[in-house]
Amino acid sequence: MILILGSNGLLGSEFLKFYQNNPSFVFWSRSDFNFLQKNLLLNKIKKLNPHVIINCCAYTNVDASESNKKLCYDTNTELPIYLSKICARYNIFLIHFSSDYIFNGRYKNSYKENHFPDPINYYGKCKLMAEEGIKLSSSNYCIFRTSWLFSLNNPNNFVVKIIRQLNLKDEISVVCDQFGSPTSTDFLICVVDKSLKNLNLINKKTINVSLKGKTSWYLFSKEILSIFNQIDKSYLNKKIIPIKSYKLKNIAKRPKNSYLNCDLLKKILQSINRISWKIELARLILKSNYAKN
């Protein structure tokens, strides 16, 4: 039995679609009960007795994390650490997801798994503390560290937000001085699915996961527009203007470069087809409802 925690979020909802007809999977969302009630969570896990827990539960509002620190800490740090303790006690394998935001972004090259972490916002600090806490537990675990996660099926991610803005405006502005690599939920789930077939390969490891290629938010959005130009000529007059990140006056700082090195992923899971983010983006848009409207 495999338990997926947080099945109503960006990643968890995609896991639900992928495995919904598989009787070996159980899905719990935050609407079922409050995961932060430790005794309730423990009793439910003991009753279910899964052999794997996939923790998709996260508080992902980076700016709001600066003011809602307790909620961010409880969800992104305390919950995964508590899960790791449960997993250690009851011999359950834990799969957890971390973030490129554990890095400060000043490194010019791609970040490897063992690169020194130095988060510059509270969200990143909480994700890092979770990583450290899980590693200190005696549980069997894998931490998949990913970046710029997107899906065409959820409104709370960059791609869908850009599409909606382009539908409303002829001109939008997007940050051009922050760099990383987009990761589709489809690709991340593919990595997890292959990992579930041989947990020994990923045990007690932190593994970077992203698609191929480095880009900026501006170039990412330009690629979205380029794909839509091929679908619908009404987008030909739309424009995307590059702006510096300081002009947004965000509450939380963002790393200027969070490009992840994924050599370890390919070494461990050799059958993984890690394609370009551009190819994956086009594939997802062309099969989505956005391409049909």
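The values are calculated or read from the model by the stated rules, or taken from the named source; none is laboratory data. The shown structure was predicted, so the numbers you read here are calculated from the model rather than taken from an experiment. Note: ideal-geometry Cβ built from the backbone for every residue, glycine included; neighbour counts use all protein chains shown.
Some observations on this one:
- Matching residues in the stretch 90-143 - criterion: being of a type in the set (D, E, K, R) and in contact with a Leu (Cβ under 7 Å, 6 or more places away or on another chain): Asp100, Glu113
- Yes/no for Tyr111 being among the hydroxyl-bearing types (Ser, Thr, Tyr) and touching a Lys or Arg at 6+ places or on another chain (Cβ under 7 Å): no
- Residue satisfying all of: in the stretch 86-96; out of contact with any Ser or Thr (no Cβ under 6 Å at 6 or more places or on another chain) and crowded, with 18+ Cβ neighbours inside 10 Å; farthest from Asp193 (Cα to Cα) among these: Ile86
- The condition of being farther than 23 Å from Leu79 by Cα and buried (at least 22 other Cβ atoms within 10 Å of the Cβ) holds for only one of Ser181, Ser139, Ser110, Ser173, that being Ser181.
- Only one of the listed residues (Ile272, Ile279, Ile224) is farther than 26 Å from Pro117 by Cα, within 22 Å of the chain's Cα centre (by Cα) and crowded, with 19+ Cβ neighbours inside 10 Å. That residue is Ile224.
- Among the residues making up the stretch 80-113, those that are of a type in the set (Phe, Trp, Tyr) and more than 23 Å from Lys212 (Cβ to Cβ) are Tyr82, Tyr90, Phe93.
- Matching residues, the stretch 11-39, being modelled with pLDDT under 95 and hydrophobic (A, V, I, L, M, F, W, C): Phe33, Phe35, Leu36
- Residue match in the stretch 66-81 (condition: of a type in the set (Asp, Glu), farther than 23 Å from Lys205 by Cα, surrounded by 15 or more Cβ atoms within 10 Å (Cβ to Cβ) and in contact (Cβ under 8 Å) with a residue 60 or more places away in the chain): yes
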